[in-house]
1. Looking at region 191-207, which of its residues are among the polar types (S, T, N, Q) and either surrounded by 14 or more Cβ atoms within 10 Å (Cβ to Cβ) or touching a helix residue (DSSP H, G or I) at 6+ places or on another chain (Cβ under 6 Å) (or both)?
2. Taking into account only those residues within region 127-167 that are under 22 Å from GLN24 (Cβ atoms) and over 26 Å from the mean Cα position of the chain (by Cα), which is surrounded by the most Cβ atoms within 10 Å (Cβ to Cβ)?
3. Name, by its number, the condition in (1) touching a helix residue (DSSP H, G or I) at 6+ places or on another chain (Cβ under 8 Å); (2) not in a strand (DSSP E or B) that does not hold for LEU421.
4. Looking for something in contact (Cβ under 8 Å) with a residue 24 or more places away in the chain and over 26 Å from TYR341 (Cβ atoms) - is there at least one such residue anywhere in region 383-396?
5. Can you name the residue in region 300-315 that is under 26 Å from the mean Cα position of the chain (by Cα) and either surrounded by fewer than 19 Cβ atoms within 10 Å (Cβ to Cβ) or assigned to a loop (DSSP other than H, G, I, E, B) (or both) and, of all such residues, is modelled with the highest pLDDT?
6. Working carefully through the options ALA223, ALA210, ALA258, find the one that is touching a helix residue (DSSP H, G or I) at 6+ places or on another chain (Cβ under 8 Å) and either assigned to a helix (DSSP H, G or I) or among the polar types (S, T, N, Q) (or both).
7. Which members of region 229-255 meet the condition of being in a helix (DSSP H, G or I) and surrounded by 15 or more Cβ atoms within 10 Å (Cβ to Cβ)?
Amino acid sequence: MKKLLLLLAILSSGVYASSIDHIQTYSPDYLSNQAQTGMIDSVSPFYNPAGTARFEKGKYFHVGIQWAHGHEKMSYKEREHKAILNQLIPNITLTSTDDNGAYFFDFGGLAGGGKLNYDGVSGVDVLTDLAQFKPLGIYDKGSSLTGENMYEQATLGRAFSVNDKLSFSIAGRVVHGSRKLSGNLNIGVNPSTEYKQAKAQQITQEVSKAVDASTQGKGLSAAQIAAIKKQKTNEALTKFQQRVSGLVKDGLVGDIDAKREAWGYGFQLGINYKVNDKLNLAARYDSRVKMNFKSKGSEHQLQTTDVLGQTIGLTTFYPQYIIDSKVRRDLPAILSVGASYKITDNYLVSGTANYYFNRQARMDRVSAFGGLEHGRDYKDGWEVAFGNEYKLNNKFTLIGSINYARTGAKNASFNDTEYALNSVTLGAGVRYNFDETLAITASVAHFIYEKEEGNFKEKYKVDENQKYHKQITAMGLSITKKF
């Protein structure tokens, strides 16, 4: 039984979508300039809400769409598996500025990583290197696993102008999150001759002990007891041989199709201080959003009652996906500070630092099979970004930026459908001012992720760890109209 439970633990380690969920690409404009917090521009409702009080009096409509394309891959020894990522992210903001401040509303993605579909994972590949499984002849017959998580948010708030330099903002936020897990586990079994012989010997001994216990005190002769043992042993061995034949022919098959869904609420605070016509300072705090996910769907566990006394499935190891269960997975609070400085009338530079309070959030803190703790493998995360914008003329502005992010995720949190890797982001874009009321921005960013290793060596006592890598490029287009 322990062997099969360990088998399921290894298989399921490649399924669960565990990550630090926040994104910052609320708007495609972020792709070109990731240092937005200290800026006062069309996407300030997302990044510097207090700065909306500095807009010219009027009403503003901003809409954008971005498309992320790339791949995420894992490898164990010479075996590599790749999943292609294609994800669209829309956004919209509405701002109304008056003499005393501004009302603002924004809607778009807040967290998540899209959808990944793998044909095979490293969690299955490692089976062949485990000494306890070699006699069973375990191999993958074509498992497929899919993980997806998406979060949408809507924020409504008000910015207040204290004087010509200072403004602050307060807003409420509603968040909807969904996390999906689906897959088919198709595992082949081809026991070795040595394994079958050892198992037959074990069955013979167990039958003998059972017959001795059941015939004790009944006055049966030794010959009668021996005959009963022979009959019972033959029946048990025949049943075992039929079971082995069935496993060799059909393997072990199980599947899950589960969706976890939750609503959460939070608040946002902002402050903006315009030091002078050149320098602007700002900060924003997004509260933690508590989210209690409920799982719905179906699961067909491995039919192993005859050999284990119970069925075993993926939720044995990931109880947060047990159908009809509720488990907290919060979005961490964020503190963002930034500044922008106008070097010349045509050249502006900006900088931003974000801090993620991951440790304060509850992220699927559950105890899985074997007492393994999940959801506590996170440190606080941070990122820094530097941007610059150069105005070529009254129509065109060139934009560029760089960002470095450390997620705070330990390698123990990595799994085969999602892994939060540290990264460097390079962004560029161009803004076209059609007139004083209409601007169009085209942006592109390339995300360069560090290669990381998992913890197979620690978990399964093998010689190598699994390896993870990503490569993603995103493009976006936005339009801002003033009325």
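1. Here is the first cut: in region 191-207, the residues among the polar types (S, T, N, Q) are 192-193, 197, 201-202, 204-205.
Result: SER192, THR204.
2. Only one residue fits best here, namely ALA159.
3. Result: LEU421 fails condition (1) only.
4. Checking region 383-396: not a single residue is in contact (Cβ under 8 Å) with a residue 24 or more places away in the chain and over 26 Å from TYR341 (Cβ atoms).
5. Among those that are under 26 Å from the mean Cα position of the chain (by Cα) and either surrounded by fewer than 19 Cβ atoms within 10 Å (Cβ to Cβ) or assigned to a loop (DSSP other than H, G, I, E, B) (or both), it is HIS300.
6. Numbers: ALA223 fails: touching a helix residue (DSSP H, G or I) at 6+ places or on another chain (Cβ under 8 Å); ALA258 fails: either assigned to a helix (DSSP H, G or I) or among the polar types (S, T, N, Q) (or both).
Just one listed residue meets the conditions, ALA210.
7. Residues of region 229-255 in a helix (DSSP H, G or I): 229-250.
Of everything in region 229-255, those that are in a helix (DSSP H, G or I) and surrounded by 15 or more Cβ atoms within 10 Å (Cβ to Cβ) turn out to be LYS229, LYS232, THR233, ALA236, LEU237, PHE240, VAL244, LEU247.
Residue by residue, here is whether (1) of a type in the set (Phe, Trp, Tyr); (2) at pLDDT 95 or above; (3) assigned to a loop (DSSP other than H, G, I, E, B); (4) over 30 Å from TYR195 (Cα atoms) holds:
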residue: PHE105; (1), (2), (3), (4): yes, yes, no, yes
residue: ALA111; (1), (2), (3), (4): no, no, no, yes
residue: GLY142; (1), (2), (3), (4): no, no, yes, no
residue: THR146; (1), (2), (3), (4): no, no, no, yes
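The values are calculated or read from the model by the stated rules, or taken from the named source; none is laboratory data. Just so we're clear, the structure is a prediction, and the values are computed from it rather than from any experiment. Reconstructed Cβ throughout: ideal geometry from the backbone, glycine too, with neighbour counts over all protein chains shown.
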